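Right, one structure below, let's go through it.
What follows is calculated from the coordinates using simple rules that are stated; it is not laboratory data. Source: prediction; values computed, not measured. Positions of Cβ are generated from backbone atoms using ideal geometry, with glycine treated the same way; all protein chains shown enter the neighbour counts.
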Amino acid sequence: MTATALRAAATRSTEFELERIRAEFPILRNVRPHGKPLVFLDNAASSQMPQPVIDRIVHYRTWEHANIHRGVHYLSQKATEAYEEARRKVQRFLNAREEREVVFTSNVTDSINLVMQGYGRPFIGAGDEIILTHLEHHANIVPWQMLCEEKGARLRVVPINGAGELVLDEYERLFNPRTKLVAFTHVSNALGTINPAKDMIATAHRHGVPVLVDGAQAVQHMPVDVQALDCDFYAFTGHKIYGPTGIGVLYGKAGLLEKMKPFRGGGDMILSVTFEKTTYNAIPHKFEAGTPPIAQAVGLGAALDYVSGIGLDRIGAHEHALLQYATELLGGIPGVRLLGTAKAKAAVLSFYVGDVHPHDVGTILDQEGVAVRTGHHCAQPLMQRLGVPATARASFAFYNTFEEVDALAAAVRKVRQLFA
């Protein structure tokens, strides 16, 4: 199907609702970079917040704010209920079996470090192996490197093919009796590749190996059911799913979380403290030391309500149409090279424009009001595998339009003209 036909088919079903949705994102109409309409295509880094999420945070700050779990007074009880209701919303959103399997963190990096410290340090030792993939964000590489250096363990890496897809036969061959953990991204932040998470988890479990899934780039694009996946750990973050920064989630199977020790000590993660001994709190509270990001958790709950109200299947369909349209348009521009052509992709398009450095591409696009991300995307091993120092990356959200894809293509053509 041609780009024009793709756009026509998708627009017929989404245009009216899309106009309403865009009206709920104040930044899209209020900000005009360099006097141009804002075309925000850096959603894989951080998405924007809709008015209902902003309103919920303001309401909490205005009417409910207090510290939680400790006070018997009215406001503390209101804040505690708002915070724990956010946890229940996450449980429902991921279809976790139990509320206590949801741990609030600061972001995905914090969640992965929690697993590294709480599970990795006690259960991974000298000579043991951890399987990662060539698609990982630094957040799912560096903590495991730190652990390997400390313990004398080893990283094994699943390779990718030229399309940016994992070579699954090689994945299977990496398992041996020393394999103690698999950690992989559900969706590549740099290429948009959607990994076959359920099959990969099943393979690991056949070898008796637990699995952590980095869902930072997945939950905003598709439904995620942790029970259906049967993953042992799953991490995601609020600021990529239309919520605030400073709030992340670690889902963990209750049995594993109960075996893990907390790596932060302080208030609220304890049942009792003496100078001789500390007794830790029950899960998930033993992993939430100190005053947590209460307003951020409440905002995350509102964001999950918002995307659930629209429907992740509908969101994914619109974003896929945008991705197909953008792939056709940019792929048709002479000198543009698309990186990452996996059959299963989320709404991420990485590209190169001739010999122009991606930072120059991003600067010129910015002058046209088009916000993309440029750089190595915290995925330097992947960039080395692709043979490039960096890329320009356009990442789409459900509030983006086909007209904005046209603006992206026009700006890329301008880059070509300037560097012809």
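Full extension of the segment from residue 198 to residue 403, taken as 0.36 nm per residue of separation minus the current Cα-Cα distance, would add 70.2 nm.
The modelled label-to-label distance between residue 410 and residue 367, using points 7 Å beyond Cα along the C-beta direction, is 1.6 nm. Positive contributions from Lys and Arg (+1) and negative ones from Asp and Glu (-1), summed over other residues with Cβ under 12 Å from the Cβ of residue 127, come out at +2.
Taking K and R as +1 and D and E as -1, what net charge do the other residues with C-beta under 10 Å from the C-beta of residue 177 add up to? Write out the running numbers ahead of the final one.
Values: positive: 178, 180; negative: 128, 129.
With Lys, Arg at +1 and Asp, Glu at -1, the net is 0.
Sorting the segments 274-286, 86-98, 255-267 by their residues' average number of neighbouring beta-carbon atoms within 10 angstrom, most packed first, yields 86-98, 255-267, 274-286.
Counting other C-beta atoms within 10 Å, which of 54, 315, 241 has the fewest, and how do the rest follow?
Numbers: 54 18, 315 21, 241 25.
Listed from fewest to most nearby Cβ atoms, that is 54, 315, 241.
Between residue 313 and residue 418, the contour length at 0.36 nm per residue exceeds the alpha carbon distance by 33.8 nm. To the nearest ten degrees, helix 142-151 and the longest principal axis of the Cα atoms of the chain are 40 degrees apart. If you fit an axis through the alpha-carbon atoms of helix 358-367 and take the longest principal axis of the Cα set of the chain, what angle between them do you get, 0 to 90°, nearest 10? Value to nearest ten degrees: 70.
Taking Cα atoms only, the orientation of helix 294-310 departs from the longest principal axis of the chain by about 50 degrees.
Spin-label model, residue 85 to residue 99: label points 7 Å out along the Cα-to-beta-carbon direction sit 1.2 nm apart.
Can you give the relative contact order of the chain as a percent, counting alpha carbon pairs under 8 Å and 6+ residues apart? Each step should come with its number before you reach the end.
Details: 813 pairs, mean separation 95.9, N = 420.
It rounds to 23 percent for the chain.
Taking the Cα centre of the chain as the origin and placing charges on Cβ (Lys, Arg +1; Asp, Glu -1), which of 310, 117, 241 is farthest toward the positive end of the dipole? Positive-end residue among those listed: 117.
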